[in-house]
Structure formats: C-alpha cells, structure tokens
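Below you'll find the structure, written out as structure tokens, and then a few comments.
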Amino acid sequence: MYMSETPAPRAEPRWPAIMAVLSVGGLYWALPEALSPGPGWLALALVAPLSMVGMVLHRQRKLRLNQIVGYTALGLITAAMIGALVLLIAALLDHTEKPRDLLRSAGALWISNILVFASWYWRLDAGGPNQRDLRGEHTDGAFLFPQMSLGERDWMPGFVDYLFLAFNTSTAFSPTDVPVLSRWAKGMMMVQSTVSLSTLVLVAARAVNIL
C-alpha cells in the first residue's frame, strides 16, 4: 500500500516506543555473560543509533525509511530475546549457572518479552503509527479497544495502550478487555504467552529446586 509523505494533522508521540526499545537493550546488558547472546552491550549499541535515525527520519517525513528502520531495530531485539531464552533454558537443564543469575535473567527476559511484543503490536496494528497518524482516527485494526466500541472517532491508541495489552498477555495469558480480531495478532499473542509461560515455569522450577 502506498504511504503518503504528507504530514499528519496529529502525530502520536514516538518517545515511549523508543524508550521501550532502549530499555530492552539495557536489560540485555544486565544479563550474565554466559546467558547473553553476544556481548551485553551489543544490543543497546545497535538499537540506540537506529532509534535516533528513525526519529530523524520521522521528523523529515521519510515515513517508509522510518518504518524500515523501526522493523530492523525490533528484529534485532527480538532475535536477542530468543537467543537469551535458549541460553537460559540450556543453563537450567545443565545446572551450569548460579540460581541467582538464572532468576535475574528470567526476570529480565520476562520484562523484555512485554516490551518487545508491545513494540510489535504498536508497530504493526492498523498499518503502524505512521498510517494511524495519516488517517487521524482509529476505527479499524487488529485489536478492538474499548474506545472503539464506544464510537470515539477522535481517539487513537498510543504505545501505552499496546503496553497494557502486552502486560496482560504476559500475566493473564489473555488480552482481557481488548478482543483480538486479526489472525497475525492472535498468532503473536500466542507466541508471547508461550515465552512468558516458559519463563515463569523456569523461575518456579528453580525456586522449588532451591527449596
């Protein structure tokens, strides 16, 4: 679909999404070296410049390039999360790491899971933030927010709305008050719930083993 370069009458703030991506990079830096897929600083060193470039491109209304840069940054932190989860599972099975390091890594990955999927929902829903800004309203998308059911045509979801959705998915393993309409969104929420459940099971298993 062609993406117009015309400035939107109302632009959604980008800084919450940028802070989420940078926070994930910081969380990987806090992982023990043996449970980190590569140098701990690498994820943050990659996504920080990409976030800055994406912000500049957005201000210059180069929306297609902004979208590509956003997908690239999200892809990098998603790959890092998957790699760290694999290392965590392997360390738990092999009993090669201290319980404190395992628990700390599981907590960091659980938080990362929320931030990563909130970023994906924000980036993909209804064509992404650029398309939502250009339309100036949000009446159709992968998620049915309560405001949409109430017919609030001047309302648009922000990053916090997707963060709340991702948090509920990782804690309640369901979208709670936001029905899911799109198949791709249902698939992503299944993956997020699986990652969250796996992490929590690892924490519970280690806690029982310590006791």
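The values are calculated or read from the model by the stated rules, or taken from the named source; none is laboratory data. None of the values given here were measured: they were computed from a predicted structure. Cβ atoms come from the backbone with ideal geometry, glycine included; neighbour counts cover every protein chain shown.
Which members of segment 26-81 meet the condition of being farther than 23 Å from residue 108 by Cβ, touching a residue at least 40 places away in the same chain (Cβ under 8 Å), touching a helix residue (DSSP H, G or I) at 6+ places or on another chain (Cβ under 9 Å) and in a loop (DSSP other than H, G, I, E, B)?
62
Spot the failing condition for residue 35; the list is (1) at pLDDT 90 or above; (2) hydrophobic (A, V, I, L, M, F, W, C); (3) more than 14 Å from the chain's Cα centre (by Cα), and only one is missed.
(1) is the only condition that residue 35 fails.
Could you say whether any residue in segment 7-14 is at pLDDT 80 or above, closer than 30 Å to residue 153 by Cα and surrounded by fewer than 13 Cβ atoms within 10 Å (Cβ to Cβ)?
Within segment 7-14, one or more residues are at pLDDT 80 or above, closer than 30 Å to residue 153 by Cα and surrounded by fewer than 13 Cβ atoms within 10 Å (Cβ to Cβ).
Closer than 30 Å to residue 97 by Cβ, at pLDDT 90 or above, of a type in the set (Ser, Thr, Tyr) and surrounded by 13 or more Cβ atoms within 10 Å (Cβ to Cβ): does that describe residue 23?
yes
Assess whether residue 119 counts as being over 13 Å from the mean Cα position of the chain (by Cα), buried (at least 21 other Cβ atoms within 10 Å of the Cβ) and either modelled with pLDDT under 95 or on the phi < 0 side of the Ramachandran plot (or both).
no
Mind listing just one residue for me: the one in segment 38-75 that is more than 18 Å from the chain's Cα centre (by Cα) and crowded, with 17+ Cβ neighbours inside 10 Å and, of those, farthest from residue 130 (Cα to Cα)?
It comes out as 40.
I'm trying to understand the selection: among the residues of segment 143-163, which are of a type outside the set (D, E, K, R) and either surrounded by fewer than 19 Cβ atoms within 10 Å (Cβ to Cβ) or over 16 Å from the mean Cα position of the chain (by Cα) (or both)?
144, 145, 146, 147, 148, 149, 150, 151, 155, 156, 158, 160
Residue 153 versus (1) out of contact with any His (no Cβ under 9 Å at 6 or more places or on another chain); (2) among the basic types (Lys, Arg); (3) touching a residue at least 12 places away in the same chain (Cβ under 8 Å): which is the lone unmet condition?
That leaves (1) as the condition not met.
Would you call residue 130 of a type outside the set (D, E, K, R), part of a helix (DSSP H, G or I) and more than 30 Å from residue 89 (Cα to Cα)?
Here the answer is yes, as residue 130 does meet what is asked.
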